[in-house]
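> Below: one structure in structure tokens.
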Amino acid sequence: MRDIYNRFKPLIPDSREVKLNLDLDVPNPAYGFTTDSRLLSEVLLILVDNAIKYTQKGEIHIGYEMLRNEQVKFIVSDTGIGIPNEEKENIFSRFYRVKNEINEITSGSGLGLPIAQHYVLLLDGELQLETTPGKGTTFSFLLPFKEGEGYLKIVS
Ligand code: ATP
């Protein structure tokens with residue numbers, strides 16, 4: 001998460017009224033865990049890239065939270081343009097882009113979210129969406145701590 005933050009932070013020009021924040025709610029003593037970091041990074045890259053693209057003014061929060069029931073919750077939220085109710089399912093279809101003022105002037109494949117959704121499933125989670133047009137969007141997913149290859153595993 002810190003890597004993603006360090007990667008994107010310098011890419012947002014000072015002239016843009018958008019602030020990127022990193023919120024890590026880690027218990028003390030902290031747990032370490034392993035996962036398929038390539039898949040996880042790819043998901044976070046897609047979500048943060050979108051959050052920056054669709055937020056003209058305001059704040060983006062990225063972070064994770066360790067939950068008591070052996071789960072970790074990853075969150076990417078923004079105060080951007082939001083997604084209309086009737087588009088909430090469409091955006092997970094391949095090549096689909098909502099018709100809005102930002103997509104009119106930016107290019108994109110419409111593949112990011114379907115890929116992110118698929119990768120989260122491979123990690124044994126489910127990508128959740130909460131959004132309000134004009135107010136913002138939150139994508140989150142819970143990943144379980146599980147023993148075994150390819151799963152989250154508590155290492156200390
Ligand atoms: P690319 O994946 O090439 O960047 P894209 O961003 O258009 O293209 P997706 O990531 O699949 O494609 O997103 C699909 C659509 O969902 C976007 O075109 C946009 O309309 C909407 N969307 C995704 N994330 C957000 C967000 N954080 N806020 C508002 N709209 C979003």
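> Listed residues 38, 16; which is farther than 27 Å from residue 92 by Cβ and at pLDDT 80 or above?
Working: 38 fails: farther than 27 Å from residue 92 by Cβ.
When all the criteria are applied, what remains is 16.
> Can you tell me how many residues in region 114-130 are touching a residue at least 60 places away in the same chain (Cβ under 8 Å) and assigned to a strand (DSSP E or B)?
Within region 114-130, residues that are touching a residue at least 60 places away in the same chain (Cβ under 8 Å) and assigned to a strand (DSSP E or B) number 0.
> Tally time: how many residues in region 100-113 are part of a helix (DSSP H, G or I) and within 6 Å of the ligand (Cβ to nearest atom)? Even if it seems obvious, please write down each step before you answer.
Let us first name the residues in region 100-113 that are part of a helix (DSSP H, G or I), namely 101-105, 112-113.
Restricting the remaining residues to those that are within 6 Å of the ligand (Cβ to nearest atom) gives 103, 112-113.
Within region 100-113, residues that are part of a helix (DSSP H, G or I) and within 6 Å of the ligand (Cβ to nearest atom) number 3.
> So, one more: Just to be sure I understand, how many residues within region 46-62 are crowded, with 16+ Cβ neighbours inside 10 Å and more than 10 Å from the ligand (Cβ to nearest atom)? Give the steps one after another, and end with the answer.
Residues of region 46-62 crowded, with 16+ Cβ neighbours inside 10 Å: 46-55, 59-62.
Filter once more, keeping what is more than 10 Å from the ligand (Cβ to nearest atom): 59, 61-62.
Adding up the residues that qualify gives 3.
> Determine, yes or no, whether residue 9 is away from the ligand (no atom under 15 Å from the Cβ), basic (Lys, Arg) and outside any helix (DSSP H, G or I).
Working: away from the ligand (no atom under 15 Å from the Cβ): yes; basic (Lys, Arg): yes; outside any helix (DSSP H, G or I): no.
Answer is no for this residue.
> Under 8 Å by Cβ, and 6 or more places apart or on different chains, what pairs join a residue from region 131-150 that is farther than 25 Å from residue 49 by Cα and away from the ligand (no atom under 16 Å from the Cβ) with one that is modelled with pLDDT under 90 and small (Gly, Ala, Ser)?
That search, which allows pairs on different chains as well, returns nothing.
> Within region 63-86, track down each residue that is more than 7 Å from the ligand (Cβ to nearest atom), surrounded by 15 or more Cβ atoms within 10 Å (Cβ to Cβ) and among the acidic types (Asp, Glu).
The one that is more than 7 Å from the ligand (Cβ to nearest atom), surrounded by 15 or more Cβ atoms within 10 Å (Cβ to Cβ) and among the acidic types (Asp, Glu): 65.
> Among the listed residues 91, 12, 60, 83, identify the single one that is hydrophobic (A, V, I, L, M, F, W, C) and within 14 Å of the chain's Cα centre (by Cα). Let's see the steps before the verdict.
Numbers: 91 fails: within 14 Å of the chain's Cα centre (by Cα); 12 fails: within 14 Å of the chain's Cα centre (by Cα); 83 fails: within 14 Å of the chain's Cα centre (by Cα).
Of 91, 12, 60, 83, the one residue that is hydrophobic (A, V, I, L, M, F, W, C) and within 14 Å of the chain's Cα centre (by Cα) is 60.
> When only residues in region 87-99 that are assigned to a loop (DSSP other than H, G, I, E, B) and within 13 Å of residue 137 (Cβ to Cβ) count, which is nearest to the ligand (Cβ to nearest atom)? Can you show your working first?
Taking region 87-99 as the starting set, the residues that turn out to be assigned to a loop (DSSP other than H, G, I, E, B) are 88-89, 93-99.
From the residues that got through so far, the ones that are within 13 Å of residue 137 (Cβ to Cβ) too are 88, 98.
Values: 88: 9, 98: 3 Å.
Among residues in region 87-99 that are assigned to a loop (DSSP other than H, G, I, E, B) and within 13 Å of residue 137 (Cβ to Cβ), the one nearest to the ligand (Cβ to nearest atom) is 98.
The values are calculated or read from the model by the stated rules, or taken from the named source; none is laboratory data. All values derive from a computational prediction rather than experimental measurement. As a convention, Cβ positions derive from the backbone with ideal geometry for all residues, glycine included, and neighbour counts pool all protein chains shown.
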